[in-house]
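The values are calculated or read from the model by the stated rules, or taken from the named source; none is laboratory data. Everything numeric here is computed off the predicted structure, so don't read it as measured data. Every residue, glycine as well, gets a Cβ built from its backbone with ideal geometry; the counts of neighbours run over all protein chains shown. Side chains included, ligands, DNA and RNA excluded: accessible areas come from the protein's heavy atoms. Shrake-Rupley method; radii C 1.70, N 1.55, O 1.52, S 1.80 Å.
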Amino acid sequence: MSEVADRYRRLAAAMTRRIEQVPPDRWSNPSPCEKWTARDVVRHLVDVHGMFLGFVGRALQPGPAVDDDPVAAWASARDQVQADLDDPQRAAEEFDGVSGRSTFEEAVDRFVCFDLNIHGWDLARATGQDERIEPSELPRLWRTAESFGEAIRSENVCGPAVEMPSDADEQDRLLAYLGRRP
């Protein structure tokens, strides 16, 4: 298995734990993402999985709806992307994206894994869970966030950076850079 398949597996497992631990009465809680609830964060992740499969001519297989069963909807999307990452031929399929020529695997690593980390924090914040991002992921997240340039500030991406005290830890500085208030 590739490094990307392993990273995705690890990050998706952490997201799965967070989704499974959402108390039933907190799915409607507001998230740090403007106008999104906790359930909307999961909906976004499922939709993003489908979008990236679509880049290489595939689609999410029919599964449970996020409104009916967010845990099962997430698991269905996660399992399909993981299977494609575990298949070297599917992982290597190429497409032309906004950043140029890419493979499915490269795009999942850059964008989807980024989303799993940051939206994992969003879901945790919305539902009262442990908000820690794996410290080993922080340097990669910084590189990715900075590589987006001003596009990170586009509508419906991230808001303006938030001021943080100079002694803030690396995770809080990253989140503030991404327009969140840790």
Enumerate the pairs (first residue in region 73-94 and more than 11 Å from VAL4 (Cα to Cα); second residue anywhere and among the aromatic types (Phe, Trp, Tyr) and assigned to a helix (DSSP H, G or I)) with beta-carbon separation below 6 Å, excluding pairs fewer than 6 apart on the same chain, so at least 6 apart or on different chains. GLU93/PHE104
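Which members of region 21-57 meet the condition of being of a type in the set (D, E, K, R) and either open to solvent by less than 20 Å² (accessible area, probe 1.4 Å) or not in a helix (DSSP H, G or I) (or both)?
First, the residues of region 21-57 that are of a type in the set (D, E, K, R): 25-26, 34-35, 39-40, 43, 47.
GLU34, LYS35 - these are the residues of region 21-57 that are of a type in the set (D, E, K, R) and either open to solvent by less than 20 Å² (accessible area, probe 1.4 Å) or not in a helix (DSSP H, G or I) (or both).
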For region 89-109, give me the residue count where each residue is at pLDDT below 95 and buried (at least 17 other Cβ atoms within 10 Å of the Cβ). 0
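Given the condition in contact with a Pro (Cβ under 7 Å, 6 or more places away or on another chain), of a type in the set (D, E, K, R) and outside any helix (DSSP H, G or I), answer yes or no: does some residue in region 89-105 qualify? Reasoning before the result, please.
Quick first cut of region 89-105, residues in contact with a Pro (Cβ under 7 Å, 6 or more places away or on another chain) only: none.
No: region 89-105 contains no residue that is in contact with a Pro (Cβ under 7 Å, 6 or more places away or on another chain), of a type in the set (D, E, K, R) and outside any helix (DSSP H, G or I).
With respect to ALA176, determine if the residue is free of Cβ contacts under 8 Å to residues at least 24 places away in the same chain, in a helix (DSSP H, G or I) and open to solvent by less than 50 Å² (accessible area, probe 1.4 Å). Full working, then the answer.
Working: free of Cβ contacts under 8 Å to residues at least 24 places away in the same chain: yes; in a helix (DSSP H, G or I): yes; open to solvent by less than 50 Å² (accessible area, probe 1.4 Å): yes.
Taking the combined requirement at face value, the residue satisfies it.
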Consider GLU150 against the criteria (1) at pLDDT 95 or above; (2) on the phi < 0 side of the Ramachandran plot; (3) not hydrophobic (A, V, I, L, M, F, W, C): it satisfies all of them except one. Which criterion is unmet? (1)
Has region 135-154 got at least one residue that is open to solvent by 60 Å² or more (accessible area, probe 1.4 Å) and in a loop (DSSP other than H, G, I, E, B)? no
Which residue is surrounded by the most Cβ atoms within 10 Å (Cβ to Cβ), if the candidates are limited to region 58-88 and must be of a type in the set (Gly, Ala, Ser) and either in a helix (DSSP H, G or I) or in contact with a strand residue (DSSP E or B) (Cβ under 6 Å, 6 or more places away or on another chain) (or both)? ALA77
Would you pick out the residues in region 130-155 that are within 21 Å of ALA168 (Cβ to Cβ) and polar (S, T, N, Q)? SER136, THR144
Taking only pairs six or more apart or across chains, which ones have beta-carbon atoms under 8 Å, a first residue in region 51-67 that is under 13 Å from GLY97 (Cα atoms) and in contact (Cβ under 8 Å) with a residue 24 or more places away in the chain, and a second residue that is open to solvent by 50 Å² or more (accessible area, probe 1.4 Å) and aromatic (Phe, Trp, Tyr)? PHE52/PHE111
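Before we move on, is ALA168 in a helix (DSSP H, G or I) and either surrounded by fewer than 12 Cβ atoms within 10 Å (Cβ to Cβ) or hydrophobic (A, V, I, L, M, F, W, C) (or both)?
Values: in a helix (DSSP H, G or I): no; either surrounded by fewer than 12 Cβ atoms within 10 Å (Cβ to Cβ) or hydrophobic (A, V, I, L, M, F, W, C) (or both): yes.
In short, no.
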